[in-house]
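Here is the structure we will look at.
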Amino acid sequence: DAKTTQPTSMDCAEGRAANLPCNHSTISGNEYVYWYRQIHSQGPQYIIHGLKNNETNEMASLIITEDRKSSTLILPHATLRDTAVYYCIVRALGYNFNKFYFGSGTKLNVKP
Amino acid sequence: EPEVTQTPSHQVTQMGQEVILRCVPISNHLYFYWYRQILGQKVEFLVSFYNNEISEKSEIFDDQFSVERPDGSNFTLKIRSTKLEDSAMYFCASSTGLAGGTGELFFGEGSRLTVL
């Protein structure tokens, strides 16, 4: 699995956009970028994923650089409930494609 | 919205005792997983299960661990003789596993195991 690098923690003001970066410089051509989050000690929650195009859903937007070596998860209007650990994971589709390795993630603190 | 459910939410046991953690995956999912998270540490992969057999396991998943899908709906993790270091939150997950699918895993809320 390609490794990812994320900042240990970030702060964001409530109502502002939260931009969480991730470096994945060794990503392979068939590897997707996935984002999950874990609120307190709950089960990880899927947010979004992409291959090379930017993606948007009801939770967030994912911006992937043209060379695919980094990406940014954007929470457009962060709320206190978005305080969580955010994990950037790269994974190929294939045999056992659904196994994910979780790193240390970024602890996002949304402040009032 | 369909969800993965886990029981019990919290179990306290004595060292050396057997523990069974139960999970009901989402009904049309084909791949099942167990992960664990020791307090303050990373979420760690334990095992994946497909077509009634283990498809992959980590080095953590030693002979003390076993998984089973006894009745087509439940998916269980058994720890035969618990050790203090087995104290952790155990997460069950499932996915469709279909070729061309999103690869998204759906996680349960976890079962906290405390070994005394």
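The values are calculated or read from the model by the stated rules, or taken from the named source; none is laboratory data. Treat the numbers as computed from the prediction; the structure is a model and nothing was measured. Because the Cβ atoms are built from the backbone with ideal geometry, glycine has one as well, and the counts that use them run over all protein chains shown.
Per-structure values
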| read-out | value |
| --- | --- |
| Residues satisfying the stated conditions in region B:47-101, i.e. of a type in the set (Phe, Trp, Tyr) and more than 14 Å from B:Leu30 (Cα to Cα) | B:Phe61, B:Phe65, B:Tyr90, B:Phe91 |
| Test: B:Asp71 is charged (D, E, K, R) and out of contact with any strand residue (DSSP E or B) (no Cβ under 6 Å at 6 or more places or on another chain) | yes |
| Single unsatisfied condition, B:Leu39 versus (1) among the aliphatic types (A, V, I, L, M); (2) more than 10 Å from every other protein chain (Cβ to nearest Cβ); (3) surrounded by fewer than 17 Cβ atoms within 10 Å (Cβ to Cβ) | (2) |
| Selection count, region B:58-85, where residues are within 16 Å of B:Leu21 (Cβ to Cβ) and within 13 Å of another protein chain (Cβ to nearest Cβ) | 2 |
| Residue under evaluation B:Leu113, criteria (1) outside any loop (DSSP other than H, G, I, E, B); (2) out of contact with any helix residue (DSSP H, G or I) (no Cβ under 7 Å at 6 or more places or on another chain), criterion not met | (2) |
| Test for B:His29: is it touching a residue at least 40 places away in the same chain (Cβ under 8 Å), of a type outside the set (S, T, N, Q), within 13 Å of chain A (Cβ to nearest Cβ) and surrounded by fewer than 16 Cβ atoms within 10 Å (Cβ to Cβ) | no |
| Check on A:Asn19, closer than 22 Å to B:Val43 by Cα and out of contact with any helix residue (DSSP H, G or I) (no Cβ under 7 Å at 6 or more places or on another chain) | no |
| All strands (runs of 3 or more DSSP E) inside region A:1-88 with 3 or more residues being modelled with pLDDT under 95 and of a type outside the set (Lys, Arg) | A:31-38, A:45-50 |
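Listed here are the residues, each with its yes/no results for (1) crowded, with 16+ Cβ neighbours inside 10 Å; (2) in contact (Cβ under 8 Å) with a residue 60 or more places away in the chain; (3) charged (D, E, K, R).
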position: A:Asn30; (1), (2), (3): no, yes, no
position: A:Gln38; (1), (2), (3): yes, yes, no
position: A:Ala60; (1), (2), (3): yes, no, no
position: A:Thr65; (1), (2), (3): no, no, no
position: A:Pro76; (1), (2), (3): no, no, no
position: A:Ala92; (1), (2), (3): yes, yes, no
